[in-house]
Amino acid sequence: MQVDVVLGLQWGDEGKGKVVDALADRYEVVARFQGGPNAGHTLYHGGQKVILHQVPAGIFHETVKCLIGDGVVMDPEILMGEVAGLERMGVDVEERLFLGRGVQLILPVHRWLEEVSQEGERIGTTRRGIGPAYADRYARRGIALGDLEKADYRRQILDLVAYHVAHFPGASQVEVPERFWAALESLRRLRWVSTYEWLRHHKRVLAEGSQGTMLDVFAGSYPYVTSSHTTVAGVCAGLLVSPRQIGQVWGVIKAYATRVGAGPFPTEITGELAFWLQERGGERGSTTGRLRRCGWLDLVLLKYSIEINGVTALIVTKGDVLAGLPSVKVRVGGPDDAPIYEELPGWESVSDPNYEAFLRWIEAQTGVPVWAISTGPQREDWLIRRKDLMPERA
Ligand code: IMP
């Protein structure tokens, strides 16, 4: 088995969903390995815009199976809502979506905890209960999908709710609504598997990252991070594969940078130019609808992300958004609070030689080839620069 990986190298929202969609039919399986419905992978299918929060972005390819692997936290109501939406579009989800028994459940109490602890506000989380669900997992009291095979699973869930509520004296009881129990029951019509056993029967797997390296709980700008491993290490942990099984690591970057939520952002731009980028780039969170903070490309952080993930090829998105600027800046050094920039000539379009020069400059600076560029939001807006790096079909 070989596992290739698509990772975001910045703060998420680099366009990973579109990259996975473009590569998926070269693999037997597309697997999510971490995160949960904090992710929002935007795709265009049959001219329709679709945002996937839990289902892997490979689902629109009929020959591809999709796995939600053990490293993921899953909200049953969100997943089943998404499954229903895909089925209305004629996508055969039941036959092609597989759930690892080790996937952890996000319960209504996890969202509640994020609100009462005010963690959500401080970090600027997506308020989907991600942090508390992972915290329960690491505290060894979490509830996994496979636990629903036990006779007393309802009691286990109610006990966990009671445990949390007891820590907030004066808080009223948190209800587990009927629609949550119903969503749990409807999960049973999907296919549950052992992530380890099931993956071993496949030869070519594409691991689909969510968020980005700078939001990794260990490698990112702690505490302004998500609660999972968004790096290549997360693939090994979340899919139970060895580092030797990792093949290509596709690193996705925007030609500039964005960040949603609080935390350091050394190359942040404010004022008119930021509004212009938000407007032109449609920089609004696909999960929360919040405007994204915008900044210049940060080569210092990019080199770090490339190194810790062993990135083998880069994919650059949204160069079209910067078109028309007389020049663009890239951070090449200096401390976080006093970045040093290099200014490069701007481009009129992505076919302008100045854009090609910008890409070559990135290649020279990082030592990693730019495999492809995304030239616009639609599925077919692609330009493959290095056909020799294209993976074989499965
Ligand atoms: P959480 O993942 O909801 O706990 O949020 C933690 C931090 O990660 C916040 O700054 C969020 O804005 C950020 N975050 C989580 N998921 C995404 C994503 O898919 N794209 C961009 N930022 C994200």
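Remarks
- Each residue, Q278 and A135, gets one label point 7 Å from its Cα in the Cβ direction; the gap between the two is 3.0 nm.
- Applying 0.36 nm per residue to the separation of F168 and D147 and subtracting their alpha-carbon distance, the gain on full extension is 4.9 nm.
- Shown in residue order for the range 319-327 are the 3J(HN,Hα) couplings computed by the Karplus curve 6.51 cos²θ - 1.76 cosθ + 1.60 at θ = phi - 60°: x, 4, 5, 7, 4, x, 6, x, 8 Hz (x for Gly and Pro).
- Legend: translational diffusion of the range 104-187 by Stokes-Einstein, Rh = Kirkwood radius over C-alpha pairs, 25 °C, 0.890 mPa s; D = 184 µm²/s.
- Kirkwood Rh, angstrom, the range 253-389 [1 / mean 1/r, Cα pairs]: 15.6
- Length gained when the stretch E392-D352 is fully extended (0.36 nm per residue, less Cα-Cα span): 11.4 nm
- In terms of its Cα atoms, the chain spans 64, 49, 39 Å along the principal axes, sorted from long to short.
- Residues whose amide H comes within less than 5 Å of that of A313, counting only those at least five positions distant or on another chain, are V249, G251 (H built at 1.01 Å from N in the peptide plane).
- Sum of -39500 (n - 2.57) over DSSP H runs of 4+, divided by residues of the chain (222 nm, nearest 500): -8500 deg cm²/dmol
- Here W347, W112, W181, W250 are placed in order of increasing Cβ neighbour count within 10 Å, fewest first, which gives W181, W112, W347, W250.
- Distance-filtered residues of the range 176-216 - backbone nitrogen under 16 Å, label point 7 angstrom along E95 Cα→Cβ: 190-191
- Here K203 is the anchor, and the lysines within straight C-alpha reach of less than 19 Å, apart from those fewer than 8 places off in the same chain, are K65.
- Note: relative contact order over the chain, using C-alpha pairs below 8 Å and six or more positions apart, is 21 percent.
- As a length-normalised measure over Cα pairs under 8 Å and 6 or more apart, the relative contact order of the range 133-285 settles at 12 percent.
- Cα gyration tensor shape for the range 185-237, rounded if a/c is under 1.5, else prolate or oblate: oblate
- Ascending count of other beta-carbon atoms within 10 Å, so fewest first, for L86, L383: L383, L86
- Per-residue HN-Hα couplings for the range 256-264 [Karplus 6.51, -1.76, 1.60; θ = phi - 60°; Hz; x = Gly/Pro]: 10, 9, 9, 9, 10, x, 7, x, x
- Taking every DSSP beta bridge that has both ends in the chain, the antiparallel portion is near 35%.
- Binned Cα-Cα distances of the range 1-56, short to long, each 10 Å bin given as a whole percent: 20, 58, 21, 1
- Average Cα contact separation per residue, the range 52-195, under 8 Å, 6 or more apart, as relative contact order %: 29
Read the figures in this text as sums done on the coordinates, not as results from a lab. Treat the numbers as computed from the prediction; the structure is a model and nothing was measured. Glycine also receives a Cβ, built like all others from the backbone with ideal geometry; neighbour counts cover every protein chain displayed.
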